Amino acid sequence: MTEIWQLSATELAQRIADRQLSSAEVVDAHLARIDAVNPALNAVVRVLAHEARAAAATADRKLAAGERMGPLHGVPFTVKENIDMAGLPTTWGVPALAQAVAPADAPVVERMRAAGGIPIARTNLPDMALRIHTTSSLHGLTRNPWHPERTAGGSSGGEASALASGMTPIGLGNDIGGSLRNPANACGIASIRPSAGRVPDAGYVPVEDHLLAVQLMNVQGPMARRVADVRLGLRVLMGAHPRDPWSIDAPFDGPPLGRPIRVAVVAEPPGGGTDPQVAATVRRAAQALAEAGYVVEEVCPPRYEDAISCWARLIMGDFNSVLGLLQPMMGADAVAFLDTARQGAPPLADAMAWSHLMVERDGVARAWSTFMADRPLLLSPTWTQLPFTNGFDSATPEGTAATMELMRPVVPANVLGLPSACVPAGRDEATGLPIGVLVTGRRFREDLCLEAAEAIEARLGLATPIDPVR
């Protein structure tokens, strides 16, 4: 018999609408699951049991009264703890912000509630979300449900671990350097980094006004176990919002394309090595797309390594301006990772260097746009290596360098503003760890990315949620 916590967000919404389940039953089932498995994982850092039960009772009354329902009516969801929720602290994983209570919901939380969703818990992240591994100086280490000694990824690692283990059916994260997709890859779930501007990004903590790198590259987005739920979440979240002046209204479905759609496959991305198991998984995913009617070819977009370099110089150069404020709030391991990672990206010396970087970014974006005119989708690894052991990323300079190298496939989408979906496509036999692939597309063609990700999921997807491996 399928347990309630094993159902997808879409299935839960449908069963609540059909009155096969009450929202109260669904919320209670997920609260019980948190109690059962979170002690082993430390993915959830604040449980909102009282508030969630009260919201579920209200949802059930509204349904009984025949009121109009949203697409997530009565369905619980979780929220990364660097996304504002009214009346709760937005801690960013550090003690200095443990009491930094937000005055209002972030737009993405506001929209999930408006769709009928019920916040059930807050999830862990690394200090200031500036690490690829989720351990927090406020809340501690989040473990990967598939392998307790391997990273859950970051920075939305708490969300991914909670989803993979059944504590929540859908959640909210964000992504400036793969933070929606890194943990999805490590924990065997699905996510999408939306196009720049597709989903509003706004918050009060730690500051309301964003750095340039954040304005250009950070996005909010949905995470779930199934691609259909990611699509549902994105439809709820998307659209212009007055608190984000750069957010826009754009249709979810783009203009029809001639079929079959061509997909560029980069099984072994330039700029470093690729584990043979990972490359083989990408090629199996390519075969799955071919079976679904796509035309696949192994060809790399132009200036691939330039895109990675632009991302590194933009994020490191910009964050240099606030490190004097951030580092005193961060733990020693987080500072060690950040300091070593910065050494790989020379500081931008002056306004001329910034201008040259923006010119270079424009050229790379144009080269990719031209390439993707004929090949609307790009299939690649998410990480080029398997998830590393806990703490590997900060323990030595060599570990930091290896971490930055293995995550290189995720960052072109950030610097170029492209949509990029992660979907599980297999497991490593020796470790049992999941292996995810990326489907990256033209701007505002999330519909194409998710359609292809669903084709991969149908043939190669993993059975989740799982009980944590102990």
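For VAL335, the conditions (1) part of a helix (DSSP H, G or I); (2) surrounded by 17 or more Cβ atoms within 10 Å (Cβ to Cβ); (3) touching a Leu at 6+ places or on another chain (Cβ under 7 Å) are fulfilled apart from (3).
Of the residues examined, PRO347 is one that is more than 24 Å from ALA224 (Cα to Cα) and not in a helix (DSSP H, G or I). Residues that are touching an Asp or Glu at 6+ places or on another chain (Cβ under 6 Å) and of a type in the set (Val, Ile, Thr) within the stretch 81-134 comprise THR90, THR91, VAL94, THR123, ILE132, listed in sequence order. Test GLY426 against the stated conditions and say whether it is in a strand (DSSP E or B), in contact with a helix residue (DSSP H, G or I) (Cβ under 9 Å, 6 or more places away or on another chain) and surrounded by fewer than 24 Cβ atoms within 10 Å (Cβ to Cβ). When the stated conditions are applied, GLY426 passes them. Taking the conditions (1) within 25 Å of GLY441 (Cβ to Cβ); (2) assigned to a helix (DSSP H, G or I); (3) not charged (D, E, K, R) in turn, LEU418 satisfies each one other than (2). So, in the stretch 341-382, of the ones that are polar (S, T, N, Q) and modelled with pLDDT of 95 or more, which residue ends up farthest from ALA190 (Cα to Cα)? Result: SER355. If you go through the stretch 205-246 and keep only what is touching a Gly at 6+ places or on another chain (Cβ under 7 Å) and farther than 25 Å from ALA160 by Cβ, you end up with just TRP246.
One residue stands out in the stretch 1-33 among those that are part of a loop (DSSP other than H, G, I, E, B) and in contact with an Asp or Glu (Cβ under 8 Å, 6 or more places away or on another chain): the one that is nearest to THR123 (Cα to Cα), namely SER8.
Taking every residue in the stretch 1-13 that is small (Gly, Ala, Ser) and pairing it with any residue that is surrounded by 19 or more Cβ atoms within 10 Å (Cβ to Cβ) and outside any loop (DSSP other than H, G, I, E, B), at least 6 positions away or on another chain, the pairs with Cβ-Cβ distances below 7 Å are SER8/ASP229; ALA9/ILE170; ALA9/ALA224; ALA9/ASP229; ALA9/LEU232. Residues of the stretch 398-415 that are over 17 Å from the mean Cα position of the chain (by Cα) and either outside any helix (DSSP H, G or I) or not aliphatic (A, V, I, L, M) (or both): GLU398, GLY399, THR400, THR403, GLU405.
Matching residues to (1) among the β-branched types (Val, Ile, Thr); (2) surrounded by 21 or more Cβ atoms within 10 Å (Cβ to Cβ); (3) free of Cβ contacts under 8 Å to residues at least 40 places away in the same chain:
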position	(1), (2), (3)
ASN414	no, yes, no
GLY432	no, no, no
GLY436	no, yes, no
ALA453	no, yes, no
ILE456	yes, yes, no
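Of the residues screened, LEU386 is one that is out of contact with any strand residue (DSSP E or B) (no Cβ under 6 Å at 6 or more places or on another chain), touching a residue at least 60 places away in the same chain (Cβ under 8 Å) and more than 21 Å from SER137 (Cβ to Cβ).
Put simply, of LEU125, LEU138, LEU72 the only residue that is crowded, with 22+ Cβ neighbours inside 10 Å, part of a loop (DSSP other than H, G, I, E, B) and over 17 Å from the mean Cα position of the chain (by Cα) is LEU72.
Looking at the stretch 369-384, is at least one residue out of contact with any Cys (no Cβ under 6 Å at 6 or more places or on another chain) and farther than 30 Å from PRO255 by Cβ? There is at least one residue in the stretch 369-384 that is out of contact with any Cys (no Cβ under 6 Å at 6 or more places or on another chain) and farther than 30 Å from PRO255 by Cβ.
The values are calculated or read from the model by the stated rules, or taken from the named source; none is laboratory data. The structure displayed is predicted, hence computed values, not measured ones. When we count neighbours, we look across all protein chains shown, and the Cβ atoms used for this are built from the backbone with ideal geometry, even at glycine.
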